[in-house]
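A short write-up of the structure that comes next.
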Amino acid sequence: MMKQKTVTNPRPSVILDDVVIRFAGDSGDGMQLTGSQFTSTTVSMGNDVSTLPDFPAEIRAPAGTLPGVSGYQIRFSSNQVFTPGDQADVLVAMNPAALKVNLEGLKPNGVIVANTDSFSPRDLQKAHYDSNPLEDGSLDSYRLFAIDVTRLTRAALRESKLDTRAVDRCKNFFALGMMYYLYERPTDVTERWLEQKFRGKDDLIEANKMALRAGVAYCEATEVFHETYKVPAAKLPPGKYRNVSGNQALSLGLVAAAKTANLPLFLGSYPITPASDILHQLAGYKNYNIETFQAEDEIAGVCAAIGASFGGSLGVTTTSGPGVALKMEAIGLAIMVELPLIIVNVQRGGPSTGLPTKTEQADLFQAVYGRNSESPLPVLAPATPADCFNIAFEAVRIALAYMTPVMILSDGYLANGAEPWKLPAVDELPSIKTSYWTDAKSFRPYLRDKRTLARPWGIPGTPGLEHRVGGLEKNEEDGNVSYDPLNHERMVRLRAEKIQRVAQDIPDLEILGPESGKLLVVGWGSTYGAIISAVRRCHADGVDVSAIHIRHLFPFPRNLGAILARFEKVLVPELNCGQLASMLRSSYLKETVSLSKIQGRPFSQREMFNKINQLLERTS
Amino acid sequence: MSTTAQMQQSPALKKKDFVSDQEVRWCPGCGDYAILNAVQQVFPTLGIPKEKFVVVSGIGCSSRFPYYMNTYGFHSIHGRAPAIATGLKVANPDLSVWVITGDGDALSIGGNHFIHTMRRNVGLKILLFNNQIYGLTKGQYSPTSEKGKKTKSSPFGSVDRPFNPISLALGAECTFVARTVDIYQKHMKEVLTRAAAHKGTAFVEILQNCNIFNDRAFANITDKPNRDDNQVVLEQGKPLVYGKEHQRGIRMSKYLPEVVDLDGSVSEDELVVHDETRPAAYAFLLSRMVAPKFPTPIGIFRAIDIDSYEDGVNEQVRSVTEKLGEGTIESLLNAGDTWIVK
Ligand code: SF4
């Protein structure tokens, strides 16, 4: 962290270029809201940000317990940031459980702001503390600010008409106000949000505003913090920006792509963590020629989407790994009948129910190999929350050009993490061309396009195109049922060749760093941020290491093999036991080193950095 | 393309317009042939352009049906036809979508989609060919096989209790519920015509003979000498009278149906007069009338008129679009909090 004193202010103001704050409290304490408000204010000030919510699978585990802790980490900076930060500078702990769970993620000598009002013996006991950490000296290596947030909030809201319970619920805004003071942020963005959110409930708007301002005023009056911090705006490319989470960006990408293709979008989906937000979001876009169908189960969700695609819509289904497992037979059907379909898998920890709210990348094999028989489909993975927009767009393009289901592998980290996104210019979005077949004379259901091998899309309601599709093997061209052995082999190979040809429209991979050398880091999906940060840090240290990031996982970009061949060692970091590494070995006979992590958490930049140095036999 | 213009141009449709060039591959003597014949005869009479028909099926003997119909067709996967057809119908409400299914396909592996389609009242015509056996997998007991049935997978007799498809459909709040029999061509065509005109889900159970694995399962109502004594035909506004000599009727006694002899001691006025628009509880009582204690009811148990699911979905899209204006990519991207970096 770079420090330099400014002299203008009566209170000393310190310039920082990179800060990580973690808000933590009980699930009922509104920490997600607090964090996202800090984010909104911070992006409006021009910082680059990266955020990571971290919440329990239980909706409300018993109050005050360790499993009930909900956290929200935000990193904001004057530079471009790629990860939410390995460790926090500041931990706001609303109760002992939040302190206990999050302390290991705090930097040495970091700041702790603790709400002393929830450190009663009962609270300490629920968090399994034998003595009060605020008093027993165990936090001596940190800078502790023990503040009676609940009582101060009550005092500030003495005049409010709200009852005590409702008043106490405003205490997160008091804490937010303190952070606004500490990092010199204005309160107006949050105040405007409150006015919109609680329109018509003036008591609530007033109370929360008062709590927020009281948090600021308390710090001003008491000078509890000796200095405040400025984090100047980042130098981001000029343009219009918006903060988006991965799930939001993915939803926007699907809608924008359907609009570009001039097709109605039909989403068939069943609620599942962490993918449900896409269903929620699309359900609100009814005026964008979108129909959403909350199905009776995962299978019905994908089947309804296939039915809609048969009828000429862009069929989409969204889910997580366990849902994909249920949908696979239907996805095989979509491969057989060669209809466009988008399957979104927002991966989470597994197997089975696993870790529903935690991130993992262990569904790559499932996506590429997880169906009965020879049934390839294109698989894509976004690299960052904002990249979910581009990947959704790309998936739709491929699905329509090649008449095939396409699977998108997002994950919990991308889905819930957020970053500023520079809005694309509408006229610069890639074009997506598609058309229904209408000419009855030339129509043959499985006649293939010469370049893409796609079959024609002849939709019900078109006179003269009446035809049958189904899961039984097709005769080449006319699509009638065929049990002919040689035809079956031809069809299996044709379907595979069609998917391989997707690679002809995929851009070549770009290498970050030297074109050849000792070490190449190969990433995919949400590991992008940690890899890029670590590799850039190596470059700053003058170390030669290169990186590529694969967004098209099946088929691979055409230049991948040639790139791999130019490096002595290949490091593949993944939040699984080495699935991409295994695919690279089997596709290119290239030895790889896996960096595996299966803890429901993303890689830290440091883990990545250390591994790179270890492979280069440098001591870091 | 305008549908009306299309209809004016095209000459009247005939049965042969709905016969595909594919060779029919059911076992000789299978009840499915009769059903195919009836459907091919009914479709041209409905005033619907040929290209608007879609036949969707799952897996099983019955599910080969779409291949034999010269319409749009989708032979899908086991149990999922109602789900696929739902997506198709909701996205394309002007299509006439027919689901062909069997007792295993609809009631076993596809049970969930079956009931939820009916709950929503999706405008699908669901024809369930009930032969009380698994035919395509060569003779295992099905969810409608009677308890104790000896099959390949139940050599000592099945211990499963069967579903009554009519009761199940009524329990799922289906708005049109009917039963007919493969060999009753005239009756079947009447029922199918009514089903075609129904707004929401129309469910028709067709008792179908599988002469290979479960021959004569419905012999009591298909064999000439006694069949009229073993079935009662439900007709709107008419008393439930049946029998070769119209000698019996159904009366309500202590909230339950009972068989009475019309021998002079009971007059026709005391009998149940059929009304398909009554609350489902009435139709449910009828559905519980099973042989040998009761005659098997055939005809329309229930037909009520409420909005279809697809109308609801599309009406919502229309009204939201009217209120908010049609969304554009610009409005989509620029929504929410944005800021400018110079
Ligand atoms: S097995 Fe039975 S149901 Fe299947 S085709 Fe043969 S007779 Fe018909």
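Worth a mention:
- Relative contact order for the stretch A:121-247, counting Cα pairs under 8 Å that sit 6 or more residues apart, in percent: 25 percent
- Karplus-derived 3J(HN,Hα), 6.51/-1.76/1.60, for each residue of the stretch B:43-57, Hz, glycine and proline x: 3, x, 8, 8, x, 9, x, 4, 6, 8, 7, 9, 10, 10, 9
- By the beta-carbon count within 10 Å of each Cβ, the least crowded to most crowded order of A:Cys219, A:Cys388, fewest first, is A:Cys219, A:Cys388.
- Set of lysines with alpha-carbon distance to A:Lys590 below 20 Å, sequence-local pairs under 8 removed: A:Lys518, A:Lys569, A:Lys611
- Residue-normalised convex hull volume from the C-alpha trace of the stretch A:17-175: 117 Å³ per residue.
- Estimated 222 nm signal from helices in the protein assembly as shown, with DSSP H stretches of n ≥ 4 weighted -39500 (n - 2.57), rounded to 500: -9500 deg cm²/dmol
- Each of A:Lys433 and B:Tyr33 was given a label point 7 Å from its Cα along the Cα-to-Cβ line. The distance between the two points is 5.1 nm.
- Cβ-defined net charge surrounding A:Gly529, 15 Å radius [Lys, Arg +1; Asp, Glu -1]: -1
- Residues in the stretch B:123-139 carry Karplus couplings, in order, of x, 10, 9, 9, 9, 9, 7, 9, 10, 6, 6, 8, x, 4, 8, 6, x Hz; the curve used is 6.51 cos²θ - 1.76 cosθ + 1.60 with θ = phi - 60°, and Gly or Pro positions show x.
- Placed amide H near A:Val344: partners under 5 Å, 5+ positions off or other chain: A:Thr317, A:Thr318, A:Thr319, A:Ile408
- Counting other Cβ atoms within 10 Å as a rough exposure proxy, the listed residues B:Asp105, A:Asp54, A:Asp541 run A:Asp541, A:Asp54, B:Asp105 from fewest neighbours to most.
- Long-range amide H partners of A:Val244 with built H, under 5 Å: A:Glu419, A:Trp421
- Ratio Rg/Rh [Cα only; Rh per Kirkwood] for the stretch A:171-328: 1.15
- Contour excess over end-to-end distance, with Cα ends at B:Thr45 and B:Val159 and 0.36 nm allotted per residue: 36.6 nm
- Expressed in Å, the radius of gyration and Dmax of the Cα atoms of the stretch A:242-428 are 14.7, 44.
- Other residues lying with their Cβ under 14 Å from the Cβ of A:Pro351 contribute a combined charge of 0, Lys and Arg counting +1, Asp and Glu -1.
- The stretch B:45-181 - percent relative contact order, Cα under 8 Å, separation 6 or more: 19 percent
- Loop-located trypsin sites (Lys or Arg not before Pro) in the stretch B:233-276 (DSSP state not H, G, I, E or B) with no more than 16 neighbouring Cβ atoms inside 10 Å: B:Lys244, B:Lys254.
- Global size of the stretch A:275-325: 10.9, 32 Å for Rg and Dmax (C-alpha atoms, Rg to one decimal, Dmax whole).
- As a proxy for reagent exposure, ranking B:Val341, A:Val43 by other Cβ atoms within 10 Å from fewest up yields B:Val341, A:Val43.
- Modelled spin labels at B:Gln236 and A:Ser352, positioned 7 Å past Cα toward Cβ, are 5.4 nm from each other.
- A full extension of the chain between A:Ala233 and A:Ala562 corresponds to an added length of 114.4 nm, given 0.36 nm per residue minus the alpha carbon distance.
- One decimal place: the segment B:Lys323-B:Lys293 gains 5.0 nm when fully extended, by the rule 0.36 nm per residue minus the C-alpha distance.
- Pairwise label distance in nanometres, A:Phe365 with A:Arg618, each label 7 Å out on the Cα-Cβ vector: 3.4 nm
- Amide H within-cut-off set for A:Ile15, under 5 Å, with H built and near neighbours excluded: A:Gln4, A:Thr6, A:Lys230
- Sequence ranges A:338-349, A:393-404, ranked by mean other-Cβ count within 10 angstrom, highest first: A:338-349, A:393-404
- Charge sum, other residues only, whose C-beta stays under 12 Å from A:Thr318's C-beta, Lys/Arg counted +1 and Asp/Glu -1: -1
- Using the alpha carbons alone, the radius of gyration of chain B stands to its Kirkwood radius in an Rg to Rh ratio of 1.05.
- Computed from backbone phi with θ = phi - 60° and the Karplus coefficients 6.51, -1.76 and 1.60, the 3J(HN,Hα) list for the stretch B:233-248 is 8, 7, 10, 4, x, 10, x, 7, 10, 8, x, 3, 9, 6, 8, 10 Hz; x is used for glycine and proline.
- Rg/Rg_ref, the protein assembly as shown, where Rg_ref = 2.2 N^0.38 Å and atoms are Cα: 1.11
A short reminder: the numbers here are calculations on the coordinates, not readings from a lab. Given the structure is predicted, the values throughout are model-derived calculations rather than measurements. Neighbour counts run over all protein chains shown; Cβ positions are idealised from the backbone, glycine included.
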